[in-house]
Each structure stands twice: as C-alpha cells, then as structure tokens.
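The structure appears right after this line, and notes come after that.
What follows is calculated from the coordinates using simple rules that are stated; it is not laboratory data. Fair warning: this is a prediction, and the values are worked out from it, not measured in the lab. Positions of Cβ are generated from backbone atoms using ideal geometry, with glycine treated the same way; all protein chains shown enter the neighbour counts.
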Amino acid sequence: MFSRRLIEIASLIPLKSHVIDVGCDHGLLDIYLTLNRKCTCIASDINENCLNQARENIKKFSLTKDIKVVKSDGLQEIEYSKDDYIVIAGMGTATILEILEGNHADHLIIQSNTDLTELREELLDDYIVEDEKIIKERGIYYVIMKLKRGYKLSTDSDYIIGPVIKKKKDGIYKEYKEHLLEKYEKIYESIKNTTLDKKLEVGRIIKIIKKYL
Ligand SMILES: C[S@@+](CC[C@H](N)C(=O)[O-])C[C@H]1O[C@@H](n2cnc3c(N)ncnc32)[C@H](O)[C@@H]1O
C-alpha cells in the first residue's frame, strides 16, 4: 500500500514534525507519517476528487481526527510556520517552483518527476541540500531532496548530479550515474545538427557526469 518512494520521503522527515503535504492525492504519505513518525499532517490538494480519495483512505485508517484535509492551490490556503516541513512530491519542476514562489518555509522535502538540474538551480539560491536519496521503483529513478533554508556556493556538478548524491556515492549511485550519462548522450545525439551553443552545453554536462563516475 505504501510505496518505497513514499516510505523514503517519510524517512527524511524528523519524528513529530508538523507536515504540509502539497498535492497529497491519495493521502497515503500523511497516513504513513501519522502512524509511523508521529507527525501531524495537513493533506492538501487542488483537486476535489483527490481530496475525496484522501478522505476515504484516512477514514479507513481511523485517522479522520488526526489529519486535516484542505483544498488549496499550492500553499495559497494553508497557514504554516517556518518550522513546518513542506512536502511536494510527484509533480514536475515547473509546478513545484510555481507552488514555492514567495514561500517562507525553512524545511522542504521535494521529489520532482522532471528536470532536477533546473530545480536545483532555482532552489539552491535559497536552500541548502541537507540530504538526497536516489531510489528506483518500477524501472524509474526518483531523487528525493531534503532542503533547509540557507545559502552555500554551488558548482555545476551540484546542480547536475546533486551535492549530497555526488559526495555520498552510496546505494544505486553508480547505476543512476550511468542512467544520467545515457540520458544526456541521447540528447547530444538528437541535437547533433543544431546550434554549437546547445552542443557545447550538453557536452559540458556529459563531461561533468563522467568526472563523477
Ligand atoms: C502525481 S500526484 C502525486 C501525489 C503524491 N504527492 C505522491 O507523491 O505520490 C500529483 C498531485 O498533485 C496535485 N496538484 C497538482 N498541482 C497542484 C497545485 N498547484 N496545488 C496543489 N496540488 C496540486 C494533483 O491534483 C495530484 O493529486
């Protein structure tokens, strides 16, 4: 019932935290966090059908009194303090960045389904990566990031590979790096006949990934 991805997301959240789960969908993360990490959760979503599904699941676990369900576009309708943990998982980078615009949270747990380099380039202006995990589920690689407000100078390899991932080199790191390399080599192949600028940029990314293999 609880996917490995959701369990790994939960493992990055300290016990007894107050959590805002933006885009909760089924509400399973909130249920898991309430039962296993003693967290208090607000499960929120923009979509009423998803909220109804979350309400149903929450009821099945008899947690209706414990988990607050709120309809909200991003953080717009949610009151939160800077100590709360904001979780945004299973969405694309553009939506995640839109939701985070103007936020005042100190702690974020982010799992984007799309461009991680762009996500890091934007977020690392205001946040430091405390931890990062790579997991593979049903053949898909997911990177989960734990971020804390702050600033640290970042390098290209921090944006492309991830500052903690490249340091820890643990778990499925090697396999993930091969996957990244393959992805960018395919992109390079597909832009062979385009501008020199694009080729130089992708070529530079490939060089950085190879350096950390
Ligand atoms: C693929 S689901 C991910 C669900 C869950 N977070 C997970 O990781 O399994 C994405 C959810 O985000 C919600 N969503 C998309 N844009 C949103 C927004 N601007 N504000 C709140 N929820 C949003 C969708 O309705 C959907 O339920």
Counting only DSSP loop positions in region 78-118, the GluC sites (Glu not before Pro) whose Cβ has at most 14 other Cβ atoms within 10 Å are 79, 101
The aspartates and glutamates whose Cα lies under 14 Å from the Cα of residue 199, excluding any fewer than 8 residues away in the same chain, are 185, 189
To the nearest 10 degrees, the tilt of helix 173-190 (Cα long axis) against the first principal axis of the alpha carbons of the chain is 60
For 105-113, 13-21, ranked highest to lowest by mean beta-carbon neighbours within 10 Å, the order is 105-113, 13-21
Projected onto the charge dipole of the chain (unit charges on the beta-carbon of Lys, Arg, Asp and Glu, signs +1, +1, -1, -1), the Cα from 205, 112, 18 with the largest positive-side position is that of 205
FRET efficiency (residue 118, residue 138; Cβ distance; R0 25 Å; to 0.05) is 0.55
Computed on Cα atoms only, the convex hull of region 172-213 has an orientation-averaged projected area in nm² of 2.5
Computed, not fitted: 222 nm per-residue ellipticity of the chain from DSSP H runs ≥ 4 (each -39500 (n - 2.57)), nearest 500, equal to -12500 deg cm²/dmol
At the level of C-alpha centres, the distance separating region 20-82 and region 121-139, in angstrom, is 22
Length gained, residue 7-residue 194, 0.36 nm per residue minus C-alpha separation, equals 63.1 nm
Of the convex hull drawn through the C-alpha atoms of the chain, the volume per residue in Å³ is 132
In whole Å, largest first, the alpha carbons of region 86-210 cover along the principal axes 44, 31, 27
The pairs in 82/167; 68/166; 68/133; 65/152; 60/177; 133/207 lying past 31 Å Cα-Cα in this model are 68/166; 65/152; 60/177
